[in-house]
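Structure, as structure tokens:
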Amino acid sequence: MLSSRLNAFVMPTSQSTPIAVAARLLLTISGLISNDFLAGVVALLWLVGLTNAFNLLDNMDGLAATLATIACAFFAVDAYTIHPSHFVAVLSLGICFACLGFLPYNLRLRGSAAVFMGDSGSQVLGFALAALGLASSWTVAGSTVATLFLPLLVLAIPILDTTLVTVVRLLEGRPVTRGGRDHTSHRLVYEGLSDKRAVVLLGVVSAALGLTSLAYKVLDDTRITLAGVLITFAFLLQFGSYLADVNRPPAPEGASSFFRSLLVHRRRLIEVVVDFALITAAFTIAYIIRVEGKGTVWQRHIFNLSLPAILVARYIAFFAFGLYRGVWRYAGARDGASIVSAVVLSEVAAFIFMSATVIWNGFPRGTYLIDALLCTMLIGASRFWERAAAHALRTLVGRGSQRRILIVGAGQSGRSLLRELRETAGERVVGFVDDDPALRGRRIQGIRVVGTLDQIGWVVGRLAPDAVLVTIPGAPRERLDAVVEACGRADVPCRFVSRQTDLDPSVVLGAIAE
């Protein structure tokens, strides 16, 4: 095993050498991930990723140094009080005080910076913080996947900024390595904050996340840690999703614009929190169904490891498939397909990750299949209930006072007009009439085709509509004359609607009222 080889390689007399430090870092990862190769890959990605994250973060005066100071302070507190390690404590304090000495020259109250960090400084900071994160003890009531998130909380802002920039640039087809003003700090400035206020805000968020990380270690409760870390992840995802939509010139109204915008996006935050509850409930129910109770100690252990992996994979997939960008009152088949795709892909990703990192040893893997089915139903219901409720309210509330509309023509124009009328208060489509006999008796988007053009007189007399809208002006003249004549005999207004001119119901129905 990797652990035994590294223990043999690191001599007791060389505990402070770079080789010994690197070995201990890899041992930390290998203690959390059972697969030796994957443990080494994760450690390498962490070191390289954080090094470049701080290089990208050095885009505004004082930002990189401020966040590095806060992170090192928390690493030092942890090393001195919770998990004593003199080497980590001294190194953390040294970097912390170095950044504090640099800040007065880089983040000045008046004027621009007198000294800049540059690539050589930011990359050294990033690598040092990545190493400190690995060297810190992450154990909270036993080694679990949830404990991996604790150093991520301390360094969450650099990771969030790098992820946001990378994803947005890839989606927009721009090179990731090319600089630009699309970082987290720049987007906060676009929302009305000054440069210094943006730095302070990100520093406050980083400090708050660090405090929660220390609190989880002090409480030493796996369930509280798991719930708290995952809820924090949900909030960070919401924050990043909100910032991804910000890409415009600075607002002229000052800092209040930013906080006002956050209130406008509170609905998306609610969706993230609701999804957390539904995803957790789906996997818990699936587990209970498969084990027919609580299960063995090992099965519960695998469950505690699997739930964070499921949640992380779900949120990433939901964000990638645009589930936090939709207006669910108008959800359709394409939105349903996105939900199914996101759930299935995230389930497969979580299963592959768990297969590579743990030993199942009797854990029922069918839990993942049941979870995918349950989660699809729950997430789908949470997204489509609004459309169903809105449709039911429009149908039931004030039904007697609604204008009854008969649409002549069940083609594309008729279906488009039906969708428009369904979103218009006080209007209700009672049926279709079409010149195709094969459609008679069938339903189109829930509305019945009650007859053909030859039966228009009988249909108007039977349904007694308040208005007839004709969407097939290109039909033979004699058929259109029959429609007009039938409406005239029944004293029902008749209007022709062309897709080339206007399908707006307010225009059409306004003409009818006249």
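The values are calculated or read from the model by the stated rules, or taken from the named source; none is laboratory data. Computed from a predicted model, the values in this text were never measured in an experiment. Here the Cβ is made from the backbone with ideal geometry for all residues, glycine too, and neighbour counts use every protein chain on show. Ligands, DNA and RNA are stripped out before the accessible areas are found, and what is left, the full protein with its side chains, is counted by its heavy atoms. Shrake-Rupley method; radii C 1.70, N 1.55, O 1.52, S 1.80 Å.
Are there any pairs with C-beta distances below 7 angstrom linking a residue in region 332-358 that is charged (D, E, K, R) and surrounded by 14 or more Cβ atoms within 10 Å (Cβ to Cβ) to a residue that is modelled with pLDDT of 90 or more and in a helix (DSSP H, G or I), with the two at least 6 apart or on different chains, and if so which?
Cβ pairs passing all conditions: Glu347/Tyr368; Glu347/Asp371; Glu347/Ala372.
So, in region 441-453, exactly how many residues are part of a loop (DSSP other than H, G, I, E, B) and under 17 Å from Arg479 (Cα atoms)?
1
Being farther than 20 Å from Gly126 by Cα and open to solvent by 50 Å² or more (accessible area, probe 1.4 Å) is the filter here, so list the residues in region 156-207 that pass it.
Val167, Leu170, Leu171, Glu172, Gly173, Arg174, Pro175, Arg181, Ser194, Asp195, Lys196, Arg197 - these are the residues of region 156-207 that are farther than 20 Å from Gly126 by Cα and open to solvent by 50 Å² or more (accessible area, probe 1.4 Å).
With Ile279, Ile316 as the choices, which residue is out of contact with any His (no Cβ under 7 Å at 6 or more places or on another chain), at pLDDT 90 or above and closer than 30 Å to Arg187 by Cβ?
Ile279
Regarding region 286-303, can at least one residue be identified that is open to solvent by less than 10 Å² (accessible area, probe 1.4 Å) and out of contact with any helix residue (DSSP H, G or I) (no Cβ under 6 Å at 6 or more places or on another chain)?
Checking region 286-303: at least one residue is open to solvent by less than 10 Å² (accessible area, probe 1.4 Å) and out of contact with any helix residue (DSSP H, G or I) (no Cβ under 6 Å at 6 or more places or on another chain).
Does region 199-250 hold any residues that are at pLDDT below 70 and either in a loop (DSSP other than H, G, I, E, B) or more than 18 Å from the chain's Cα centre (by Cα) (or both), and which are they?
Passing the criteria: Asp220, Asp221, Thr222, Arg223, Leu226, Asp245, Val246, Asn247, Arg248, Pro249, Pro250.
Here are some residues: Val460, Val508, Val484. Which one is at pLDDT below 85, assigned to a helix (DSSP H, G or I) and farther than 27 Å from Ala333 by Cα?
From the options Val460, Val508, Val484, the qualifying one is Val508.
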